[in-house]
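For reference, the structure discussed in these notes is given below.
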Amino acid sequence: MAVERLELQTTACRDGEAFGAAGPYDLLKGLAFLALDPNDPADALVTDLGLAPRDADGRVRFEADVEILRPIDPARRNGRLLLDAVNRGASVLRSLDEAWVLGQGFTVVRCGWQHDADRARGLGLQTVLPTLDGRPITGRMARVFEPDAAADRFALGEPGVIPYRADPDRADEASLSERTFVGGPARILAREAWSFSEDFTGVIYPTGFTPGYAYELIFTAAEAPLTGHGLAATRDLIAFLRDASASDGNPLAGEVEHVLAFGVSQSGRFLRQMVYDGFCQDFEGRNLFDGLLIHTGGARLLESNWRLGQAVYNGWDAVSATFPFTDVTQTDPVTGITDGLLARVSAKGAPPRIVHTDTAAEYWGGQVGSLAHVSADGLNDAAVPETSRLYYLAGTQHGVTPLDGPPGRGAYPANTIDYRPLLRAALRNLDCWVALDVEPPPSRYPRLDDGTLVDRETARDGLAGLPGPGAPEKLAVLHRLEFGPTARQTRRFEQIPPERGPAYALHVSAVDADGNETAGVRHPEITAPLATYTGWNPRSAKIGGTDQNLRTAGAVIRFALTPGGEDRRPSVAERYADREAYVAAVRVAAEALIAERYMLAEDMDGVLAEAGRRYDLYTTS
């Protein structure tokens, strides 16, 4: 067992607050002390583990931050461990509503996994590789910067991340390029026009970086930390909590009947990486997770478990945006590579049950969501395994913005559809699938064979005539990327920047006459709309790049209140006689979703209340 011990302190969760039928929770917080064996095939999945410092027993030892939340009353625990896969060290349960999750009686576990997370800001862990022949392990890498405001410097890491440091001895070899839009032609900036910061963790450009432009720094990093041991730490902690005895120091001994996992965006891609690399199976080859809910992960993986990987990097030239994309195994006709997300685990038996949920922003933005269910040649729908479900949350954006929230950074106000009721239903259905073997409702997503999945240009034609700037003109393109002939096997970048091959075909949902998406699971307020709700939003003039798309944001484009203006869409008055009629239409749509199990009956009142608030806001301001 790779977890050698846990050191946890117990306090009251949220000062003793009670959560529904589960009552108050304990919070157990502290450290897991782990050891990995480079000679064990299961641990050797961690890239470069054989180069890490070992103790006298030949093990690589490190620690990970741990949090466990469980009902104080054992009788109120539901027997399910839910991994809350942290995103940049933070819980992702807000995407469901943490209080609701705890009210179900789950035992929630969090484990620091991100190698470069700043532990002062959240959950994290880090191990640094040793030096070889008196020199650290170095390598070329890229850092992309897309400023929203005028600036003359940027860091070599995202906020809250411990940055890579440039090698001072090879600083003169670095290059900095500028593009007027993401994916556009690059202009190399004169080397004497910019410099590294004094500590070599940032770049200074006195002329100033232009908002809306894209800048790429290619440099040699001074040292390479392990990036994959967080995957092993998560695997080993969950296996320990599931299987170890009380005498081993397991606080959950005998309590765990099933294991679920929930990840969002970055941590959704982390779960995809765990599955792809085989870290979702224990040392005996058994599935670690009975079910996974992967939200807004799109079709991407993660750069964790690559030498010089950047766990937060989500660029269009990132290795996280390379084949494979689908659960099923297929062959890319261009590269000849055969692979699939479930290829490794399926070779050892039945894969875990997986529910993928994505918003429209994952299709219009950088998560390239359509590739998760389209053949590699872009011409046909790919198969979805019986053990997987795909739910497309039509007309929504990457994260939930409150109805009265800030307008955002786009040319239009941010999309404010609260899709959490649909996501809660997905978790409930996954739980029933795992614990009771009750099949969840069928996958629902846009498809090529019925015309609900279309290329982005066709969708833009259907959006013509909307008030305002409409869909952005410059949409980034995903190319096949070559990082070197053996890079996929060694997980070491041999070519930075990568060589670009032919582009993948990217698709989005078809739209109706209002510009609202027709496919997937449609929220009741999209079925009965007061506006056009999108997964795209052009950048606003205040942040530059107005012809480009915001990476994760959608938009709300309200209908006119009365007829007679230039807006081609029917007005609110033409659709609904009054507030009561609008809320009634939302109720009908919600009842249909509840009947089909895409929404929980317990969420009806909240959905109707939100619809009433939206009507009041849109008709009075």
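The values are calculated or read from the model by the stated rules, or taken from the named source; none is laboratory data. What you see is a predicted model, and the numbers here were worked out from it, not measured in a lab. Note that we place each Cβ from the backbone using ideal geometry, even for glycine, and neighbour counts take in every protein chain shown. To get the accessible areas, we keep the full protein, side chains included, count just its heavy atoms, and leave off ligands, DNA and RNA. Shrake-Rupley method; radii C 1.70, N 1.55, O 1.52, S 1.80 Å.
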Exercise. If you scan the range 1-30, which residues turn out to be in contact (Cβ under 8 Å) with a residue 24 or more places away in the chain, in a strand (DSSP E or B) and touching a Pro at 6+ places or on another chain (Cβ under 9 Å)?
Worked result: L6, L8, F19, G23, P24, Y25, D26, L28
Exercise. Counting just the residues of the range 269-307 that are part of a loop (DSSP other than H, G, I, E, B) and of a type in the set (D, E, K, R), which one comes out farthest from S95 (Cα to Cα)?
Worked result: E284
Seminar exercise, completed: Going through the range 85-135 in order, the residues found to be in contact (Cβ under 8 Å) with a residue 60 or more places away in the chain and within 15 Å of the chain's Cα centre (by Cα) are A85, V86, N87, R88, G89, V92, L93, S95, L96, W113, Q114
Exercise. Among the residues of the range 504-525, which ones are crowded, with 24+ Cβ neighbours inside 10 Å and either among the polar types (S, T, N, Q) or assigned to a helix (DSSP H, G or I) (or both)?
Worked result: S509, P524, E525
Problem set entry | Subset of the range 527-581 [under 26 Å from T359 (Cβ atoms) and of a type in the set (D, E)] | D547, D567
Problem set entry | Hey, G410 touching a residue at least 60 places away in the same chain (Cβ under 8 Å), small (G, A, S), open to solvent by less than 20 Å² (accessible area, probe 1.4 Å) and touching a Leu at 6+ places or on another chain (Cβ under 7 Å) or not | yes
Seminar exercise, completed: Per the filter on the range 340-394, residues open to solvent by 40 Å² or more (accessible area, probe 1.4 Å) and aliphatic (A, V, I, L, M) are A347, A350, L379, A383, V384
Exercise. Taking the range 481-503, which residues are closer than 28 Å to L379 by Cα and open to solvent by 20 Å² or more (accessible area, probe 1.4 Å)?
Worked result: L481, E482, P485, R488, E499, R500, G501, P502, A503
For this session: Output the number of residues of the range 425-450 satisfying the condition of being buried (at least 22 other Cβ atoms within 10 Å of the Cβ) and either of a type in the set (S, T, N, Q) or at pLDDT below 95 (or both).
Result: 1
Problem set entry | Single residue of the range 570-611 satisfying the filter (of a type in the set (D, E, K, R) and more than 28 Å from the chain's Cα centre (by Cα)) that is most open to solvent (accessible area, probe 1.4 Å) | E580
Exercise. When only residues in the range 269-294 that are open to solvent by less than 20 Å² (accessible area, probe 1.4 Å) and among the acidic types (D, E) count, which is farthest from A318 (Cα to Cα)?
Worked result: D282
Problem set entry | Selection count, the range 324-356, where residues are part of a loop (DSSP other than H, G, I, E, B) and either closer than 25 Å to D282 by Cα or at pLDDT below 95 (or both) | 15
For this session: Go through (1) modelled with pLDDT under 95; (2) of a type in the set (G, A, S); (3) within 20 Å of A510 (Cβ to Cβ) one by one and return the number of the condition S370 breaks.
Result: (1)
